[in-house]
1. Can you confirm whether segment 228-242 contains a residue that is closer than 29 Å to Q13 by Cα, open to solvent by 50 Å² or more (accessible area, probe 1.4 Å) and in a strand (DSSP E or B)?
2. Kindly indicate whether D37 is without any contact (Cβ under 8 Å) to a residue 60 or more places away in the chain, buried (at least 23 other Cβ atoms within 10 Å of the Cβ) and over 18 Å from V299 (Cβ atoms).
3. For segment 50-60, check the following and say yes or no: at least one residue is farther than 30 Å from R103 by Cβ and touching a helix residue (DSSP H, G or I) at 6+ places or on another chain (Cβ under 7 Å).
4. Any idea which of (1) in contact with a Lys or Arg (Cβ under 6 Å, 6 or more places away or on another chain); (2) open to solvent by less than 20 Å² (accessible area, probe 1.4 Å) is the one L90 doesn't satisfy?
5. How many residues are within 22 Å of the chain's Cα centre (by Cα) and assigned to a loop (DSSP other than H, G, I, E, B) if we restrict to segment 186-216?
6. I want to confirm something. Restricting to segment 95-136 and keeping residues that are among the small types (G, A, S) and within 16 Å of the ligand (Cβ to nearest atom), which single residue is nearest to the chain's Cα centre (by Cα)?
7. Quick check: is even one residue across segment 145-155 open to solvent by 10 Å² or more (accessible area, probe 1.4 Å), within 14 Å of the ligand (Cβ to nearest atom) and part of a helix (DSSP H, G or I)?
8. Quick check on this structure: which one of A317, A334, A330 is among the aliphatic types (A, V, I, L, M), within 16 Å of the ligand (Cβ to nearest atom) and surrounded by 18 or more Cβ atoms within 10 Å (Cβ to Cβ)?
Amino acid sequence: MRVAVIGGGAVAQRRHLPEYAENPNAEIAGVLDFNMDRAKELAEIYGGRVYGSMEEVLSDGSVDAVSVCTPNATHAEYSIKALEAGKHVLVEKPMALSLQETRAMMAARERSGRTMMLGHNQRLIRAHTKAKELLKAGSIGELLFFQSSFKHPGPETWSADPGADTWFFQKDKANFGVMGDLGAHKIDLIRYLTDSEIKSVFADMRTLDKKYADGCPIELEDNAVCMFNMENGLPGIMHYSWTNYGREDNSTIIYGTKGVMKIFGDYADDIVLEMRDGIQVKYTVGGIATNANQTKSGVIDEFIAALLEGREPIVTAVDGHNTLAVIETAMRSAREKKWLDIAY
Ligand SMILES: NC(=O)c1ccc[n+]([C@@H]2O[C@H](COP(=O)([O-])OP(=O)(O)OC[C@H]3O[C@@H](n4cnc5c(N)ncnc54)[C@H](O)[C@@H]3O)[C@@H](O)[C@H]2O)c1
């Protein structure tokens, strides 16, 4: 599979490009980036050509698929154009800026008959696939409650163009603050772990600390707290934060009638089951990547395998759409200060 990478920033450099380069069934056809020097540098490292425009990518008949790794505002446009040109699409999260856009992306996918995968990598982390297996096997009994967190110091040091004026802090490019950036991961994860959709949400969002270079607070939220009810009756809470200046927190705790499952909690092991009778069961299955310490995401291998096997990938366009529906409704809940059913 020959793949063009659109956007050569942090996520492309740390995951997409190296993981395509490592995959024996993938070949990097080239890189498109606004920043031509960056695209040239990456093409020198990974091979392939430097594209001057999206039109050049679309008219390159040797390209089977694209990875859309640009800021959120371009996800819909680039994905739809690629599908219309007959390319398969792997698009980063959040899927787009609105449900209007995600619907247009899904319609383009339908029309094209091509594959679309979302970059929600959390469900590919080994500890999460193992946790799902354990939950299915009833390891902690009936589920009672979940609590999940994604908290780190913020995207302004992660981006390939770091600094307080990063696109992540600009509404026209990102649309959502931490809710879209980190919330997207944990919303998709809980849907995956519980095989259920989120039914309703109550959210509170704040801008506690992030400021632009001129000292003004950013226009997007840097902290979000959500209370959820799932379709299967399970309640839970989540906190996403860009102002955790301590150790990154990527934990999920699930409470059941027979015990508690802690994934990436305070223990050295990836999963610890604290059973009601006091026994602890521990699983070490591969750890988690942090911003500072990247490990293979598995997203690229899954995308390429799905294309070669002609099957749906583990994260579909519907997963991206349903996750965005929760994000959108949570944003509205925070504004209206009330519980809302998710508008899918
Ligand atoms: N799955 C994950 O865990 C994960 C992690 C980080 C980022 N992301 C997502 O990946 C996307 C990119 O994030 P990033 O961290 O790589 O950002 P980044 O700021 O590091 O890189 C963005 C790149 O896109 C280029 N660019 C901007 N607009 C462009 C355009 N219109 N056409 C071509 N190139 C353009 C920039 O020059 C830059 O090189 C975002 O949607 C983000 O939410 C996902």
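1. Within segment 228-242, one or more residues are closer than 29 Å to Q13 by Cα, open to solvent by 50 Å² or more (accessible area, probe 1.4 Å) and in a strand (DSSP E or B).
2. Values: without any contact (Cβ under 8 Å) to a residue 60 or more places away in the chain: yes; buried (at least 23 other Cβ atoms within 10 Å of the Cβ): no; over 18 Å from V299 (Cβ atoms): yes.
No.
3. Yes, because at least one residue in segment 50-60 is farther than 30 Å from R103 by Cβ and touching a helix residue (DSSP H, G or I) at 6+ places or on another chain (Cβ under 7 Å).
4. For L90, the exception is condition (1).
5. First, the residues of segment 186-216 that are within 22 Å of the chain's Cα centre (by Cα): 186-207, 210.
Those left that are additionally assigned to a loop (DSSP other than H, G, I, E, B): 195-197, 207, 210.
Count: 5.
6. Here is the first cut: in segment 95-136, the residues among the small types (G, A, S) are 96, 98, 104, 107-108, 112-113, 119, 127, 131.
Filter once more, so that each one left must be within 16 Å of the ligand (Cβ to nearest atom): 96, 98, 119, 127.
Working: A96: 12, S98: 16, G119: 5, A127: 16 Å.
The residue in question is G119.
7. no
8. A317
The values are calculated or read from the model by the stated rules, or taken from the named source; none is laboratory data. Predicted model, so just to flag it, every value in this text is computed and none were measured. No Cβ is skipped: glycine too gets one built from the backbone with ideal geometry, and neighbour counts run over all protein chains shown. To get the accessible areas, we keep the full protein, side chains included, count just its heavy atoms, and leave off ligands, DNA and RNA. Shrake-Rupley method; radii C 1.70, N 1.55, O 1.52, S 1.80 Å.
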